[in-house]
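Trainee: Got a structure for you, written out below as structure tokens; questions coming shortly.
The values are calculated or read from the model by the stated rules, or taken from the named source; none is laboratory data. All of these numbers come straight from a predicted model, not from anything done at the bench. FYI the Cβ positions are ideal-geometry reconstructions off the backbone, even for glycines, and counts take in every protein chain you see.
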Ligand code: SAM
Ligand code: DTB
Ligand code: SF4
């Protein structure tokens with residue numbers, strides 16, 4: 001006979017009705033998300049995989065390639081980031097890349113099998129004349145037949161509409177961490193500033209990509225609260241990147257110890273359960289993960305990844321290693 005807890009989990013309750021096929025959308029409490037984390041690991045993974053299969057083909061993984069189009073020299077003080085001008089990292093600053101070079105990199109990413117191209121700039125927020133160049137990049141990358149994504153910092157009024165008009169598909173802007181913990185990571189802007197930009201992106205009709213970083217010394221409750229804040233947005237993000245902190249020497253978080261890998265997998269599972277129709281992206285920190293750990297993340301419901309040798313300023317897992325893993329697991333890239 002099935003154990004009582006497993007039987008209860010087998011029948012989805014109103015607590016986790018899928019948000020796109022139910023009239024009632026479940027709003028999560030932090031206590032409920034924390035309770036997900038506190039389930040025995042096997043039950044959490046089983047429940048996450050069950051929810052995953054209700055909405056996605058469990059053998060398909062979406063692949064995005066990243067490019068840093070403007071590197072370093074950022075005015076913000078994000079404690080994890082190699083690109084803050086306030087930290088003494090050995091990163092070389094680079095100006096905004098010429099459009100032609102960006103388009104060539106996008107074509108190369110497409111040729112290797114990426115479906116989305118994400119362009120990241122180390123800005124607090126874009127100046128209007130810089131935005132004009134990014135709009136040109138979006139138009140040209142889109143014309144290659146790729147989905148487009150940019151992450152440019154906080155947007156001022158009217159900028160999201162311009163991006164939408166240029167054909168932008170996704171805007172990445174992470175909540176990064178729980179509102180309560182935010183001030184211990186970033187002081188130069190607030191969690192509410194992030195929410196404000198997300199609202200502008202949503203209102204402009206652009207898909208929202210928003211997630212966070214774990215392994216920054218936050219508590220499990222903070223992790224659960226961050227997922228609650230994402231899941232309870234007026235509409236959950238279409239794409240939810242979960243980054244494992246890459247400790248960069250010279251940043252305030254450069255010496256932090258690694259997080260228990262099972263806690264990372266639990267976070268992926270809780271993201272999958274709370275945001276059943278979103279793509280959950282296994283993001284920064286993948287290079288340091290074994291193939292087996294990545295596989296556990298896919299089993300927990302991760303169905304998107306960054307594909308390509310580099311993230312923004314740090315290295316990503318090698319393409320040849322990713323291709324071999326897809327082959328061994330029978331995964332298909334979408
Ligand atoms: N300046 C823009 C912003 O802050 O939204 C865009 C670029 S920023 C580098 C994009 C995201 O990368 C951050 O929100 C954070 O989640 C992630 N990130 C940056 N450095 C990281 C690190 N060392 N480890 C893990 N994730 C990191
Ligand atoms: C996201 O959540 N992770 C990506 C993307 N969105 C822009 C960036 C990861 C950056 C990791 C550290 C670096 O390479 O600088
Ligand atoms: Fe600047 Fe973004 Fe890095 Fe913060 S995360 S320092 S805003 S580039």
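Trainee: Please count how many residues of the stretch 169-209 are within 24 Å of residue 222 (Cβ to Cβ) and part of a loop (DSSP other than H, G, I, E, B).
Mentor: Qualifying residue count for the region: 13.
Trainee: Would you pick out the residues in the stretch 105-155 that are within 15 Å of ligand 1 (Cβ to nearest atom) and on the phi > 0 side of the Ramachandran plot?
Mentor: Passing the criteria: only 153.
Trainee: Checking residue 257 against (1) away from ligand 2 (no atom under 16 Å from the Cβ); (2) part of a loop (DSSP other than H, G, I, E, B); (3) under 25 Å from residue 54 (Cβ atoms): exactly one of these is not met. Which one?
Mentor: Condition (3) is where residue 257 drops out.
Trainee: Quick one: residue 166 ticks every box in (1) surrounded by 16 or more Cβ atoms within 10 Å (Cβ to Cβ); (2) within 15 Å of ligand 3 (Cβ to nearest atom); (3) without any contact (Cβ under 8 Å) to a residue 40 or more places away in the chain bar one, so which box is it?
Mentor: Failed condition: (2).
Trainee: Looking at (1) within 16 Å of ligand 2 (Cβ to nearest atom); (2) surrounded by 14 or more Cβ atoms within 10 Å (Cβ to Cβ); (3) at pLDDT below 95, find the lone condition where residue 9 falls short.
Mentor: If we test residue 9 against (1) within 16 Å of ligand 2 (Cβ to nearest atom); (2) surrounded by 14 or more Cβ atoms within 10 Å (Cβ to Cβ); (3) at pLDDT below 95, just (1) comes out false.
Trainee: Given the residues 131, 135, 91, which is the only one that is farther than 19 Å from residue 194 by Cα, without any contact (Cβ under 8 Å) to a residue 40 or more places away in the chain and surrounded by 14 or more Cβ atoms within 10 Å (Cβ to Cβ)?
Mentor: On the way: 131 fails: farther than 19 Å from residue 194 by Cα; 91 fails: without any contact (Cβ under 8 Å) to a residue 40 or more places away in the chain.
So the residue among 131, 135, 91 that is farther than 19 Å from residue 194 by Cα, without any contact (Cβ under 8 Å) to a residue 40 or more places away in the chain and surrounded by 14 or more Cβ atoms within 10 Å (Cβ to Cβ) is 135.
Trainee: While we're on this one: Looking only at the stretch 281-303, count how many residues are more than 12 Å from the chain's Cα centre (by Cα), in contact (Cβ under 8 Å) with a residue 60 or more places away in the chain and outside any loop (DSSP other than H, G, I, E, B).
Mentor: 3
Trainee: Can you confirm whether residue 19 is at pLDDT below 95, surrounded by 13 or more Cβ atoms within 10 Å (Cβ to Cβ) and assigned to a loop (DSSP other than H, G, I, E, B)? Full working, then the answer.
Mentor: Working: at pLDDT below 95: yes; surrounded by 13 or more Cβ atoms within 10 Å (Cβ to Cβ): yes; assigned to a loop (DSSP other than H, G, I, E, B): yes.
In short, yes.
Trainee: Related question: Do any residues in the stretch 207-218 that are within 14 Å of residue 275 (Cα to Cα) have Cβ atoms under 6 Å from those of residues that are assigned to a strand (DSSP E or B) and away from ligand 3 (no atom under 14 Å from the Cβ), where the two are at least six apart or on different chains, and which pairs are they?
Mentor: 209/170; 209/239; 211/240; 211/242
Trainee: Which condition number in (1) surrounded by 16 or more Cβ atoms within 10 Å (Cβ to Cβ); (2) more than 14 Å from ligand 2 (Cβ to nearest atom); (3) more than 18 Å from the chain's Cα centre (by Cα) is the one that residue 248 fails?
Mentor: Here residue 248 meets the rest and fails (2).
Trainee: Whether any residue in the stretch 285-293 is within 26 Å of residue 47 (Cβ to Cβ) and touching a strand residue (DSSP E or B) at 6+ places or on another chain (Cβ under 6 Å) is what I want to check.
Mentor: Keep residues of the stretch 285-293 that are within 26 Å of residue 47 (Cβ to Cβ), which gives 285-286, 289-293.
Those left that are additionally touching a strand residue (DSSP E or B) at 6+ places or on another chain (Cβ under 6 Å): 285.
Looking through the stretch 285-293, at least one residue is within 26 Å of residue 47 (Cβ to Cβ) and touching a strand residue (DSSP E or B) at 6+ places or on another chain (Cβ under 6 Å).
Trainee: Right, here's the next one. Has the stretch 262-270 got at least one residue that is within 16 Å of ligand 2 (Cβ to nearest atom), modelled with pLDDT of 95 or more, in a helix (DSSP H, G or I) and out of contact with any helix residue (DSSP H, G or I) (no Cβ under 6 Å at 6 or more places or on another chain)? Write out each step before concluding.
Mentor: Taking the stretch 262-270 and keeping what is within 16 Å of ligand 2 (Cβ to nearest atom), we get 264, 267-268.
Filter once more, so that each one left must be modelled with pLDDT of 95 or more: 264, 267-268.
Filter once more, keeping what is in a helix (DSSP H, G or I): 264, 267-268.
Checking which are out of contact with any helix residue (DSSP H, G or I) (no Cβ under 6 Å at 6 or more places or on another chain) leaves us with 264.
Looking for residues that are within 16 Å of ligand 2 (Cβ to nearest atom), modelled with pLDDT of 95 or more, in a helix (DSSP H, G or I) and out of contact with any helix residue (DSSP H, G or I) (no Cβ under 6 Å at 6 or more places or on another chain), one finds at least one in the stretch 262-270, hence yes.
Trainee: OK, next. Can you name the residue in the stretch 211-221 that is surrounded by 21 or more Cβ atoms within 10 Å (Cβ to Cβ) and touching a helix residue (DSSP H, G or I) at 6+ places or on another chain (Cβ under 6 Å) and, of all such residues, is farthest from residue 66 (Cα to Cα)? Steps first, please.
Mentor: Step one: list which residues in the stretch 211-221 are surrounded by 21 or more Cβ atoms within 10 Å (Cβ to Cβ), which gives 211-216, 218.
Then keep just the ones that are touching a helix residue (DSSP H, G or I) at 6+ places or on another chain (Cβ under 6 Å); that gives 212, 214, 218.
Details: 212: 17, 214: 20, 218: 26 Å.
Across the stretch 211-221, the extreme among qualifying residues is 218.
Trainee: If you don't mind, there's one more thing I want to ask. Residue 235 versus (1) touching a helix residue (DSSP H, G or I) at 6+ places or on another chain (Cβ under 8 Å); (2) not in a loop (DSSP other than H, G, I, E, B): which is the lone unmet condition?
Mentor: With (1) touching a helix residue (DSSP H, G or I) at 6+ places or on another chain (Cβ under 8 Å); (2) not in a loop (DSSP other than H, G, I, E, B) applied to residue 235, the lone miss is (2).
Trainee: Go through the stretch 100-127 residue by residue and tally those that are away from ligand 2 (no atom under 15 Å from the Cβ), at pLDDT below 95 and either farther than 25 Å from residue 281 by Cα or touching a helix residue (DSSP H, G or I) at 6+ places or on another chain (Cβ under 9 Å) (or both).
Mentor: 2
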